[in-house]
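Read-outs: derived from the displayed coordinates by stated rules, not from any lab. Just so you know, these numbers come straight off a predicted model, no measurement behind them. So basically every Cβ, Gly included, is an ideal-geometry build from the backbone, and we count neighbours across all protein chains shown.
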Amino acid sequence: MSVRVRFAPSPTGYLHVGGLRTALYNYLFAKHHNGKMILRIEDTDRSRFVENATENLISMLEWAGIIVDESPTKGGEFGPYIQSQRTNIYLEHIHILLNNGKAYYAFDTAEELDAMREKLQAGNQGDYRYDRMNMKNSITLGMDKAIELINAGIPYVIRMLVPDNEEIIFKDIIRGEVKISSNEVDDQILIKSDGFPTYHLAHLVDDHLMGITHVIRGEEWLPSTPKHCILYKAFGWEQPEFAHLPLLLNKDKTKLSKRTGSVAVEDFREKYIKDAFINFVALLGWNPTGDREIYDFQELIDLFNLEKVNKAGAVFDLQKLDWFNFQYLQKLSPEEMGKMLNEELLKIEKTGYDLNWLNKVAYALRERVHFISEIPNYAPYFFNDEIEYEQDYLEKHWNADKKNIILPLVFELEKCKDFTHDELHSTTKKYCEENGIKMKEVIHPLRLMITGKSIGAGMFETMELIGREKCISRMKKFLEKE
Ligand code: GLU
């Protein structure tokens, strides 16, 4: 049987990083097994509907390299792939359950349900399972009465009938065998009073009809899985295999949520190199080999193994993500870096740079920053002629004696024919040797005069990039003042 998996987000307006991890694992699993992945939009909760959310989701997945085989836009033989376009299918299926006594109508008002909960609580009966035999439903009232109420326009829901005293057992690929008594399972609402199915019914009918073989989803759905097992049995369907992915946690082990920082993939897309971000997300809860952390996309596919996914929550560590970005930054070509730098400069309205020069600047600084976006701040002296001198650096490396050493060197440097790294280096070296000075005694003052900053790329490389005219004039200006 060939593998078919699905990513089934609700269109809430943005893709959560946890959602991306789920989508990615589904994709890696499908590709690893030469299977298919489908995208299904679960929009039965109409109150949460957001315009264009589906388009946004698809474009975010495509950006991440997750190209699904069947989707609302691509189509496929199991469509439609949007749940709100499948309501008839759910209604047909609820009638199968009603007809064979696996589901029933319930008419309880919100107040009656509250009263039930209070009573159960007072009687210390634990949680809030629907007290089927003491409420207003087609079991206690009889089917004729129920039909009468429905015809009279009384609002109702349809609930699943959970059998008593059954042991529910299912295997989760990540967690192993899970066992629970059906007595702990609630008579879940399957059709809401607005006529729309709940997630529990809709996703399950779809998973079955769409031939899904493996349900790979977030851990938050694990407690609902026993309900789903009961439903599969009620329909007489074989259940798929399950894999519940570990939660994503903040560093302090609280659940990752919008309140504690960015969680929308869109926000990360702005900041990080795509491959770095995907590599990082892939390792949230899984490490293919345990001995390294950098994997390209094809390796992730080749090595993917659900059985190796951890049970414990995965820490979403932004520092780690920055580290990944740094690692991937080193792999970019100068042209790619330069293009990114140009985009950053445009954001701060700095334009008109020679692209070839920007490539070199970005490349020279690649090991000094985690992000290309840091460059304009890290090395402003490439883009501004007004130099700001770091006070500590100035105090440490400048005094009247220095002037006597540096002034003749400036004249030597001015005479350089090509003003290239090599020529600047050999000229400086020669000057130091002839005067019995250590190189570092002149390098710091040069850096100070030309950049104002204590850190940066190699000084001669920096000077070559800044160019003869600017370097000489900055040095002379400095020397006149100090
Ligand atoms: N629509 C559900 C969600 O948004 C999908 C859960 C599942 O994959 O079964 O999380």
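Taking the Cα centre of segment 249-324 as origin, sum charge times position over the Cβ atoms of Lys and Arg (+1) and Asp and Glu (-1), and report the length of that vector in debye to the nearest 20.
Working: 12 positive and 13 negative charges, 103 e Å.
Using Cβ point charges on Lys, Arg, Asp and Glu, segment 249-324 gives about 500 debye.
Where the only charges are on Cβ atoms (+1 Lys, Arg; -1 Asp, Glu), what is the dipole of segment 156-231 about its Cα centre, to the nearest 20 debye?
Values: 7 positive and 13 negative charges, 31 e Å.
Charge dipole, segment 156-231, about its Cα centre: 140 debye, nearest 20.
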- For the chain, find the longest principal axis of its Cα atoms and tell me its angle to the long axis of helix 87-99, 0 to 90°, nearest 10. 40
- Message: What are the ³J(HN,Hα) couplings of segment 175-180, residue after residue, when phi is run through the Karplus curve with 6.51, -1.76, 1.60 and θ = phi - 60°? Round to Hz, x for glycine and proline.
- Response: 9, x, 7, 10, 10, 7
- Query: How do the peptides 186-193, 290-297, 216-223 rank, highest first, by the average count of neighbouring beta carbon atoms within 10 Å per residue?
  - Reply: 186-193, 216-223, 290-297
- Task: Determine, at each q value in 0.09, 0.12, 0.14 (inverse angstroms), the log₁₀ of I(q)/I(0) that the Debye formula gives when each Cα of the chain is one equal point scatterer.
- Result: -0.75, -1.07, -1.31
- Message: Sorting check: for 74-80, 169-175, which peptide has the highest mean count of neighbouring beta carbons within 10 Å, and how do the rest follow?
- Response: 169-175, 74-80
- Degrees, to the nearest 10: 439-451 long Cα axis against longest axis of the chain: 70
- Task: Name the residue farthest towards the positive end of the dipole of the chain from the options N435, L39, F235, assuming +1 on Cβ of Lys and Arg, -1 on Cβ of Asp and Glu, about the Cα centre.
- Result: N435
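Let me check against my output: what whole-number percent is the relative contact order of segment 1-139, with C-alpha pairs under 8 Å and at least 6 apart?
Reported as a whole number, the value is 20 percent.
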- Message: Using only Cα atoms and rounding to the nearest 10 degrees, what angle (0 to 90) does helix 17-32 make with the longest principal axis of the chain?
- Response: 80
- Once amide H atoms are built 1.01 Å from N in the peptide plane, which residues 5 or more positions from N137, or in another chain, come under 5 Å H to H? F107
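Given Cα pairs under 8 Å that are at least 6 residues apart, what percent is the relative contact order of segment 248-345?
On the way: 73 pairs, mean separation 35.5, N = 98.
Contact order relative to length: 36 percent.
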